[in-house]
Amino acid sequence: MGTSGHAISPALQAAQQRLLQLRAQLNSSRGGDAGQQASLFEARQVNERPLPTPTFIAKLPPHLGWESAALTAAITAAVARTIRRTQASEPAQPSYMQTAAVSVETAVSHPPALPQTIKLYPDLAIGLLQREQVAAGRLWLLLQAVDVAGCGWVDETRARQLFTGKHGELRFCGTRQLRNLLAQGDGVFWGRDNGRIWLRSVAKVAFALEIPRLKMRPVALPVAVLRQGIGTVRAHLYATFHSSRERAEHASGPIARATVARLTAVKPRTQRRYEHKARVKRQAQFAIGAAATTESFQARGWAQGQAAFEFKDFKGQQGQRDKSYVAWQLPNSYVGPHAQQSKGRQKRINRTLTDLFMQGMTGNGQRTRMTQRFFDNGRSAAKSYLRNPQQDHYWRGAGNGRCDKAQLKRYQLWQVMESCDVK
């Protein structure tokens, strides 16, 4: 008989009997109820001390009691947790409190490591020098180094601790100076809102500095340099120009100080001071012309002035031994202290700059095109000479191509195709 006076049909009783038989067969195949009860009994003991049996187990129906494998596994896990809490020295906390404690400890005790170098485009470095924004630009570069996750913002409190704290990793100024720099660079390098410093992208900063295009290869600027005096920072920003012009197999081509001054807005006297402070290496360059005669000396003297002199080849490296040639000094080559990096997103940044200048202030000034005079080999120099024979074309002499930064040669020799005016 069922509950509430309802009778169970014979078919349902037969089905229940069949279900009980199948459950008994399954238990026997797994080792029987005795083995399962024994395992549960062992699990319910802690150091040979029995734990209290949950009272709700006895009230469960047979198909949800100790014969249920799923419920048995759940109860076993709950008993194991109770064992660990009992053995612990302090009371257990809820799971959500434990998770929060672990996350807070990780964020405070183990912050992400700051990078040793930062990627810098020399066009931006020169723009900072030209627009006299070195102080605020340094802070922008340091904020980029702090933003390791690349989320685009830095908390003002954390920035104050890093840059002005007594034990700050990137301390370089005081609290008042940091406040002045944040106000100076607001709208150019960053924006401030809700206690956060929102960093502007490279393209927007270049647009604010009126840089229409990034042309030079980026370099790796050490973060430690940005913590030094403002004079050292200026010197390294200038040195990125020379570091970007290098090539993997040899030093950069000769470049006059007047040309460097026109491209960087740094006067020659200041160039020498920056090169000494940033440890930029210089290398003298000389060109070897025709055989030394009275006519060749006069022709070259009109073009080179006091830079022309007689070069005598004692070892016979240029031709016949002990033969004299007309030679003259070329502008120096330079080796910067920074390692070059891949261009990465430089094309995308230039496309963004093009869009910004098209929407904003695009001038109609004409660009000055520089003609190349120095080449790595004679074939390239000859091709260019056929198109423009009105100027001298130089290429590196044999054995002068390789360059080692550690052991830089005192000078290099260049061969020349003289212009038709000199001939």
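Here, each number is a calculation from the coordinates, and none is a lab measurement. Remember, it's a predicted structure, so these values are computed and weren't measured experimentally. Ideal geometry is used to build each Cβ from the backbone, glycine not excepted, and the neighbour counts take in all protein chains shown.
Overview of values
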quantity	calculated
Residue in region 223-240 that is within 26 Å of A327 (Cβ to Cβ), buried (at least 19 other Cβ atoms within 10 Å of the Cβ) and in contact (Cβ under 8 Å) with a residue 40 or more places away in the chain present	no
Helices (runs of 4 or more DSSP H) fully within region 126-210 counting 2 or more residues that are more than 19 Å from R234 (Cβ to Cβ) and without any contact (Cβ under 8 Å) to a residue 40 or more places away in the chain	156-164, 175-185
Identity of the residue in region 278-316, acidic (D, E) and in a strand (DSSP E or B), that ends up surrounded by the fewest Cβ atoms within 10 Å (Cβ to Cβ)	E310
